[in-house]
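J.: Okay, here's the structure, questions in a sec.
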Amino acid sequence: MTNSNENEFEKNYTLEELLPPKSRTRISKAMIQMGMVNFKLIDCEGQILIAEGPLSNLKQLALAPELEPIGYLQFIESDKKLAEAATMFITDFLQTNWRYQMASSVHLQTSSDDYYELLKKNTLLEESEERYKILNEALEIKVQEQVKNIEDSQRQLYETEKLASIGQLAAGIAHEVNNPMAFISCNLNTASEYLTEIKEYYENFMSSSQKMAPQVGFVQTEIEFVLSDFQKMIQESIEGAKRVTKIVSDLQEFSITDSHKRRLVDISENLEARTKHFIDSFKKRIRFVADIDKLNSTYCNHEHIYRMLFNLISNSVNAIEKYGTINIKCLMQEHNILLIVKDDGNGMDKNTLEKAFEPFFTTQEVGEGVGLGLTVSRDIVKSHGGVIGIESTLFKGTTVRVTLPVIEMAVKV
Amino acid sequence: MASWDKERKILTLKIVFYGPAMSGKTTNLTVLHDLLNPELKGDLQILETKNDRTLFFDLLPLGIKLADGTLIKLKLYTVPGQVIHNTTRKAVISRADGIIFVADSQNNQSNNNGSSFDNMIENVGLVGLNIQKLPVVVQFNKRDLENIVSSHQLERRWKKTPWKLFYATAINHEGVIETFKALLELVYPTIGDEFASKKELGISKEDFVKLLVGEVDGYK
């Protein structure tokens, strides 16, 4: 920007600048044709620009296109009138040239200022673009960091929740396993005592020559009691061991993280076949209404999904004391799979409903249910990114709704 | 910023008529050319116009000679008012010694006046001048028209600014010289500041204004 130097167009132009050589010749010729023979054009420094004829005893008129003279027209006294006229048109010519010079110089200056300004803007633009690029990259890294943070904290949260439920689970296991283990070990102790008695009896029997019932020790009735009680105890222990085995197998399902078993499956396809056998065994007292639409295939562990449905249907069966209806529905809702199991059984009160998902919470008689069905079902749904909800009214029935997002690509879970 | 040509003893001062397009800057200059009567008065140089709109600038040179032979040359410039000619405006106001802001009094021109005034302040800064110290007066022109903002309202609007308001109808020669004289009075002391060390200005403020305006017919 021109803020310290004077603008070119504001300078004081000299006569030489305003009177180019070509014009000088023409002006000189014109003046001769007007009749002047003896004249001179000089600038303020005395430099001669035009000279005609002998140059002595000349008078002069100032040439001042602006205010102060920038040169003089010298002439002889007899040419005074002509010289005055010539001064007028030369001055006019100088002014025209002056305006022209000012216009071209201001034009040149503004063009170059505009150009310089554009260059500056362009540089700034490039710089800001560069900054934007860097910022963008930094932002991307930040976002990735944040995403990782969120993922980490989510995982931590998940782990914490898992730990909490494992704690809860452990307490349940302790209770559920201790019980059968207590009577199994009690039975085994008694069994051991019984064995000693049987051994004694047997040895007595073997040592008696007559091979007949010994007269001392156990009487026959006693040994008969031992044998029948032994049988009962063993049976009881087998039942107890079965219960423990059942708990352990349920626990295995409870710890489902095996995403590698997932495949792209349409859940509706084998649903009827999978549940048919189970359903058939209750056909006499329960009416099953299945309303199964074709579903979009989704990446899932279909064994787990069927297991979950089986759990839900099984719960419904248990909720119906005598006769009733169970509705099973599969449908697509926008991009989600909706699975509904609805019964008109006993339903649950508020307290029961609140605890329904808790591990080892069961309304059934001891030995009939472990109380992991809904817990496992919920975990299966969760591991597929879905939600499970229960609506229930006491004595009216229960509806369980499972919503699963359709996953079209195999992703790590 | 006045420039001093030591060899030729010429002190050049620059006054700029600023303002929105069509507010009457060139008319102000024409009227000053017609009315003023200083010792030296050049021709009004109208550089280039397109449909009566200034493309570059207009220039009116005035001058007075002091007893010691110094020539005080006053160059009055107008700027092109149209928004697109901003670079030219910047070039013209660089090193200005004073600015007369010519505003259009019409109601519908308030916005144009405002943005032109803001543009002037911005450009003053860009060319390295200090708006706090630069002599500026404001002239509201075209007072003869209907639908103009009342002087009462204008005074209320401008009350808190440091700039003096003047009213003019330039085409009827009214108010032009008053505005000009007011600016000369503001400019005079700044010349002293600039040149105190280099040159004692051998003229009083009253004479400075009086000589530059000269004997004006029908003007008190």
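J.: Tell me, what is the percent relative contact order of chain A, built from C-alpha pairs under 8 Å that lie six or more residues apart?
T.: Worked out over chain A, it gives 10 percent.
J.: On to the next question. If the reach is capped at under 16 angstrom between alpha carbons, list the lysines near residue A:199, excluding any in the same chain fewer than eight residues apart.
T.: A:211
J.: Determine which lysines satisfy two conditions relative to residue A:142: a Cα distance under 27 Å, and not lying fewer than 8 residues away in the same chain.
T.: Candidates past the 8-residue exclusion: A:133, A:412.
J.: Which order do the peptides A:113-124, A:377-388 come out in when sorted by mean C-beta neighbours inside 10 angstrom, highest first?
T.: A:377-388, A:113-124
J.: Go ahead and set up a Gaussian network model of chain A, Cα springs under 10 Å, then flag whichever of A:170, A:273, A:51 fluctuates most.
T.: Between A:170, A:273, A:51, it is A:51 that shows the largest mean-square fluctuation.
J.: When only DSSP loop residues count, what GluC sites (Glu not before Pro) in region B:1-79 have their Cβ near at most 10 other Cβ atoms within 10 Å?
T.: B:7
J.: R0 = 35 Å: FRET efficiency of residue A:231 with residue A:174, Cβ-based, nearest 0.05?
T.: 0.70
J.: Nothing charged except the Cβ atoms of Lys and Arg (+1) and of Asp and Glu (-1): what's the magnitude of the dipole of the protein assembly as shown about its Cα centre? Round to the nearest 20 debye.
T.: Dipole of the protein assembly as shown, to the nearest 20 debye: 1300 debye.
J.: Which of the trypsin sites (Lys or Arg not before Pro) found in region A:1-96 are in a DSSP loop and have at most 15 neighbouring Cβ atoms, other than their own, within 10 Å?
T.: Here the trypsin sites (Lys or Arg not before Pro) that fit, given the DSSP loop and packing criteria, are A:11.
J.: Suppose only helical runs count, i.e. DSSP H with n ≥ 4. What mean residue ellipticity at 222 nm does that imply for the protein assembly as shown under -39500 (n - 2.57) per run, divided by all residues and rounded to the nearest 500 deg cm²/dmol?
T.: -16500 deg cm²/dmol
J.: Sticking with this one: Please compute, over every Cα-Cα pair in chain B, the percentage with a separation greater than 21 angstrom.
T.: Value for chain B: 53 percent of Cα pairs lie more than 21 Å apart.
J.: How would you rank A:222-231, B:114-123, highest first, on the average number of other Cβ atoms within 10 Å across their residues?
T.: B:114-123, A:222-231
J.: Using only the Cα atoms of region A:33-123, what semi-axes does the equivalent ellipsoid have when each is the square root of 5 times a gyration tensor eigenvalue? Give whole Å, largest first.
T.: Sorted largest first and rounded, they come to 41, 12, 10 Å.
J.: Please state the shape class of region A:87-147: rounded when a/c is under 1.5, otherwise prolate if a/b exceeds b/c and oblate if not, all from the C-alpha gyration tensor.
T.: Judged from the Cα gyration tensor, region A:87-147 comes out prolate (a/c at least 1.5, a/b above b/c).
J.: Moving on to the next point. Between the DSSP loop rule and a limit of at most 15 other Cβ atoms within 10 Å, which GluC sites (Glu not before Pro) in region A:1-68 are left?
T.: For GluC sites (Glu not before Pro) across region A:1-68 that sit outside H, G, I, E and B with at most 15 neighbouring Cβ atoms in 10 Å, the list reads A:6, A:45.
J.: How tilted is helix B:25-35 with respect to the longest principal axis of chain B? Cα atoms for both, answer in degrees (0 to 90, nearest 10).
T.: 50
J.: With 27 Å as the limit, write out which pairs from B:50/B:133; A:121/B:90; B:25/B:90; A:342/A:382; A:11/B:25; B:75/B:142 have Cα-Cα distances beyond it, or answer none.
T.: Pairs exceeding the cut-off: B:50/B:133.
J.: Quick query: amide H of residue B:167 versus all other amide H atoms, modeled in the peptide plane; which residues come in under 5 Å with a sequence gap of 5 or more or a different chain?
T.: Those qualifying (amide H under 5 Å, at least 5 residues apart or on another chain) are B:140.
J.: Tell me, what does the Kirkwood hydrodynamic radius of region A:306-348 come to in angstroms if you use every pair of distinct C-alpha atoms?
T.: So the Kirkwood estimate lands at 11.2 Å.
J.: Let me ask something else about it. Can you pull the mean other chain C-beta count within 10 Å for peptide B:146-158?
T.: 0
J.: Taking only the C-alpha atoms, wrap a convex hull around region B:13-105 and report its volume per residue in Å³ as a whole number.
T.: In region B:13-105, the Cα hull volume divided by residue count equals 98 Å³.
J.: Using a 10 Å cut-off around each Cβ of peptide B:56-67, what is the average number of partner chain Cβ atoms that fall inside?
T.: 3
J.: Here's a follow-up. Let me know the shape class of region A:46-183, please: from the alpha-carbon gyration tensor, a ≥ b ≥ c as square roots of the eigenvalues, rounded when a/c is under 1.5, otherwise prolate if a/b is greater than b/c, or oblate.
T.: Here region A:46-183 falls in the prolate category.
J.: Determine Rg/Rh for the protein assembly as shown; Rg is computed over alpha-carbon atoms and Rh is the Kirkwood hydrodynamic estimate from the same atoms.
T.: 1.54
J.: Here is a follow-up. Once you average over the residues of A:322-335, how many Cβ atoms of partner chains fall within 10 Å of each Cβ?
T.: The per-residue average across the peptide is 0.
J.: Using Cα atoms only, what is the angle between the long axis of helix B:110-126 and the major principal axis of chain B, expressed in degrees (0 to 90) to the nearest 10?
T.: Roughly 40 degrees between the two axes.
J.: A further question on this structure: Peptides B:87-97, A:346-356: what's the order by average Cβ count within 10 Å, highest mean first?
T.: Put in order of decreasing packing, that is B:87-97, A:346-356.
J.: Can you say what percent of the DSSP beta bridges in the protein assembly as shown, counting only those with both residues inside, are antiparallel? Round to 5.
T.: 65
J.: Between residue A:132 and residue A:242, what is the spin-label point distance in nm, taking each point 7 Å from the Cα along the Cα→C-beta axis?
T.: Once both label points are built, they end up 7.5 nm from each other.
Laboratory data are not the source of any read-out in this text; all were calculated from the coordinates shown. In this text the structure is predicted, and so the values were computed from the model without any measurement. Reconstructed Cβ throughout: ideal geometry from the backbone, glycine too, with neighbour counts over all protein chains shown.
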